Amino acid sequence: MSDAAAAEGERLQKVLARIGIGSRRVCEEMIAQGRVTVNGEVADLGRRVDVESDRVELDGVPIGVRPGLVHYLLNKPAGVVTTADDPQGRPTVLGLVPAEPRVFPVGRLDMDTEGLLLLTNDGELTHRLTHPSFGIEKEYVAQIQGSPTRAALRRLREGIELEDGLTAPAEAALLAPGVLRLTIHEGRNRQVRRMCEAIGHPVTRLVRSRIGPLVDRRLKPGQWRPLTGDEVRALERAVAGERATPDGGRRPRP
Ligand code: URA
């Protein structure tokens, strides 16, 4: 932004306070401590920003400052499709959240899958959350047929050859006979169902119980709520701090 435009922008501490980082006073301290950058440069206390175009980071984590950004956490019921528009006229997840402002689902759950789904109009965050290189963790609880042996669980953990290639290492734990918790950080089509099928234990019910730092055991199927500012920041941190390596391991981003 030019100097003239910068002089007209909104004060940085006010912007940070508006999106819930802390009180104005706390935000001023963060700026004074050099923790906030604007377009890559450490911001001074009097700094004004153009919220539409400036890139603001706190402790190296990009934070969304555009006004009007909304983030909803939905507990998707079975029988609802994760598309904006369904040619077959089936109920969609967009019918369960406010129509305005227009939001989009981040990734997708199969029609029969239940559980947590994020919807937002924050395109930048969506891009990061869905990009395979950021590999955010997703946790599922699956009811399966039969009970897998230790060897079968090890196959899930070490990677399974599916028709679209080897899956990255996953966390797998048997919570009860026939109830499996699987944590993956890829987002392939019907991945959990295909992994379970591959070890001979087809899924009979699938629920997503966590998306990175987001959990909510009180949200009922069909209910949604806005994310808190802390949850948005936790998500932003989750996709800023780590990147999955091609072998599924983690390394800090440069
Ligand atoms: N894996 C699946 O098989 N289905 C989903 O909906 C999500 C992950």
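The values are calculated or read from the model by the stated rules, or taken from the named source; none is laboratory data. All of these numbers come straight from a predicted model, not from anything done at the bench. Glycine gets a Cβ as well: all are built from the backbone with ideal geometry, and neighbour counts include every protein chain shown. For the accessible areas, the whole protein counts, side chains as well, though only heavy atoms, and no ligand, DNA or RNA atoms are used. Shrake-Rupley method; radii C 1.70, N 1.55, O 1.52, S 1.80 Å.
The table below lists the values:
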item: Neighbours by Cβ (under 9 Å, 6+ apart or cross-chain): first from region 79-107, under 21 Å from ARG188 (Cα atoms); second open to solvent by less than 40 Å² (accessible area, probe 1.4 Å) and among the basic types (Lys, Arg); result: THR82/LYS76; VAL93/LYS76; PRO105/LYS76; GLY107/LYS138
item: Options ALA142, ALA78, ALA170: the member that is closer than 18 Å to PRO213 by Cα and aliphatic (A, V, I, L, M); result: ALA170
item: Residue satisfying all of: in region 73-92; touching a Phe, Trp or Tyr at 6+ places or on another chain (Cβ under 9 Å) and aliphatic (A, V, I, L, M); surrounded by the most Cβ atoms within 10 Å (Cβ to Cβ) among these; result: LEU74
item: Candidates ASP164, ASP122, filtered to the one that is in contact (Cβ under 8 Å) with a residue 24 or more places away in the chain and not assigned by TED's automatic domain parsing to the domain that holds LYS220; result: ASP164
item: Residues of region 98-149 satisfying the condition of being within 16 Å of the ligand (Cβ to nearest atom), among the β-branched types (Val, Ile, Thr) and open to solvent by 30 Å² or more (accessible area, probe 1.4 Å); result: THR130, VAL141
